[in-house]
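*Asks:* Structure below; questions to follow.
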């Protein structure tokens, strides 16, 4: 389909796209709407392969049209909208990303830019009752956007963050805070999004805004624990190895002390909990090994720790 729809000698993608958009189905149509949405996403993805800049001009309106179907009461329609929006996220161009990051870095309103409008629409829907039933689909779409904005730090002159961190971290933080709410129903979807965020931004970025809150002082202060983040650490992510040494090594030492005190106090359940957490921390070292860019600093840090002990 991609070859046929993108060939200028046959039926060009713009003409097909125009025809599809001219006949939108009802959001309650359980038969036509899901297929229509999937086709819309496929056509846009094919169009983007052949003419990315031309496709990008269509993206804001097509995105808005597809996003509206997430309000449907029909699960199949919401799933179709999700599939379309994931495909549309691959149509975002490097120029759109750079323009939005630069505007955001200068404190300008990104809502006036195509990608900025998309991000703001997702942000508003996370807080909207009309989209509450579509939360699982929105989490998948946000994950796709995170992957679409995963270019390396410093790829945009003057900006030392990934576009995902610069533009999406507030939304990721919002989901991370929802994840610990007792009545939040979509923990699996939230964990999948946080996993994607860690793979793209790194544990050091995620933990800077979503701390673990697992030590006794955190409980005394009433902070919600996020031990579930530890399970994400073994997956490859771009955090410098030095972050593990500076953040997790001291934390594991403190947790080992908590375990020892619990053992002495005869509290076997608490001691077991701390033991499991320590093991999770050290299992997470594998994720840092994928990006050992700070290995010389790590060696020096370990040498200083050995001398001081």
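Every number here is computed from the coordinates shown, using simple stated rules; none is lab data. Note that the structure is a prediction, hence the values are computed from the model and not measured. Please note: Cβ atoms are built from the backbone with ideal geometry, for glycine as well, and neighbour counts cover all protein chains shown.
*Asks:* Assuming a ≥ b ≥ c are the square roots of the Cα gyration tensor eigenvalues, decide whether the stretch 128-278 counts as rounded (a/c under 1.5), prolate (otherwise, with a/b larger than b/c) or oblate.
*Replies:* oblate
*Asks:* Please give the helix 94-105 orientation as an angle from the longest Cα principal axis of the chain, in degrees from 0 to 90, rounded to the nearest 10.
*Replies:* Its long axis makes an angle of about 60 degrees.
*Asks:* Once the convex hull of the alpha carbons of the stretch 67-175 is built, what does its volume come to per residue, in cubic angstrom?
*Replies:* Enclosed volume per residue, from the Cα hull, is 89 Å³.
*Asks:* What is the helix-to-structure angle for 187-201, meaning the angle in degrees between its Cα long axis and the longest Cα principal axis of the chain, kept from 0 to 90 and rounded to the nearest 10?
*Replies:* The two axes meet at around 90 degrees.
*Asks:* If you don't mind, another one. How far apart, in nanometres, would the label points at residue 65 and residue 151 be if each is projected 7 angstrom from Cα along the Cα-to-Cβ direction?
*Replies:* The answer from the label model is 2.7 nm.
*Asks:* So how much slack lies between residue 29 and residue 123, counting 0.36 nm per residue of separation and subtracting their Cα-Cα distance, in nm?
*Replies:* Once the chain is fully extended between residue 29 and residue 123, it gains 31.2 nm.
*Asks:* Same structure again: Between 0 and 90 degrees, rounded to the nearest ten: what's the tilt of helix 52-68 against the longest Cα principal axis of the chain?
*Replies:* 80
*Asks:* For the chain, what does the helix formula give at 222 nm: sum of -39500 (n - 2.57) over DSSP H segments with n ≥ 4, over the residue count, nearest 500 deg cm²/dmol?
*Replies:* Estimated from H runs of four or more residues: -20000 deg cm²/dmol.
*Asks:* Quick one: compute the contact order of the chain, relative version, from alpha carbon pairs under 8 angstrom and 6+ residues apart, as a percent.
*Replies:* Here the relative contact order equals 11 percent.
*Asks:* Which distance in Å, rounded to a whole number, links the C-alpha centroids of the stretch 23-55 and the stretch 65-128?
*Replies:* Here the answer is 15 Å between Cα centres.
*Asks:* Separate question: R0 = 25 Å: FRET efficiency of residue 208 with residue 268, Cβ-based, nearest 0.05?
*Replies:* So the FRET efficiency works out to roughly 0.15.
*Asks:* Something else now. Rounded to a whole number of µm²/s, how large is the Stokes-Einstein D of the stretch 12-98 at 37 °C and 0.692 mPa s, given Rh as the Kirkwood radius over C-alpha pairs?
*Replies:* Rounded, D is 257 µm²/s.
*Asks:* Also: For the stretch 181-254, what class follows from the C-alpha gyration tensor (a ≥ b ≥ c being the square roots of its eigenvalues): rounded when a/c is under 1.5, otherwise prolate if a/b is larger than b/c, else oblate?
*Replies:* Oblate.
*Asks:* I would also like to ask the following. Cα gyration tensor of the stretch 103-159, axes a ≥ b ≥ c as square roots of the eigenvalues: rounded (a/c below 1.5), prolate (a/b > b/c) or oblate?
*Replies:* Verdict is oblate for the stretch 103-159.
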